[in-house]
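The values are calculated or read from the model by the stated rules, or taken from the named source; none is laboratory data. These numbers come from a predicted model, not from an experiment. Cβ placement follows ideal geometry from the backbone for every residue including glycine, while neighbour counts extend to all protein chains displayed. Only protein heavy atoms, including side chains, enter the accessible area calculation; ligands, DNA and RNA are left aside. Shrake-Rupley method; radii C 1.70, N 1.55, O 1.52, S 1.80 Å.
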Amino acid sequence: SYKVMLNGPAPWGFRLQGGKDFSMPLSISRLTPGGKAAQAGVGVGDWVLYIDGESTSAMTHIEAQNRIRACGDRLCLTLSR
């Protein structure tokens, strides 16, 4: 696993898929070319393990989106390839 720190504000340059409500781990489904996430080395298909230190294992898709929105000017993600 690896960590990325994205400096805001949003947009962060990625789209999520999955979540507890979809019975799938949260993962990166799309990257904006040249966006903040792509520049930080995030890859399509990477699993999102933690959002700002909070485990995503029990998060629904909307909970994860809301957690990311609440980050403000700095988003810390722990991801796995």
Failed condition for Cys71, given (1) among the hydrophobic types (A, V, I, L, M, F, W, C); (2) free of Cβ contacts under 8 Å to residues at least 60 places away in the same chain; (3) part of a loop (DSSP other than H, G, I, E, B): (2)
Filtered residue count, the range 24-64, keeping only those that are closer than 18 Å to Pro9 by Cβ and open to solvent by 50 Å² or more (accessible area, probe 1.4 Å): 5
Members of the range 1-23 that are open to solvent by 20 Å² or more (accessible area, probe 1.4 Å), more than 10 Å from the chain's Cα centre (by Cα) and within 17 Å of Ala70 (Cβ to Cβ): Met5, Asn7, Gly8, Pro9, Ala10, Pro11
Residue list for the range 1-16, restricted to those being in a strand (DSSP E or B), in contact (Cβ under 8 Å) with a residue 24 or more places away in the chain and not hydroxyl-bearing (Ser, Thr, Tyr): Lys3, Val4, Met5, Leu6, Asn7, Phe14, Leu16
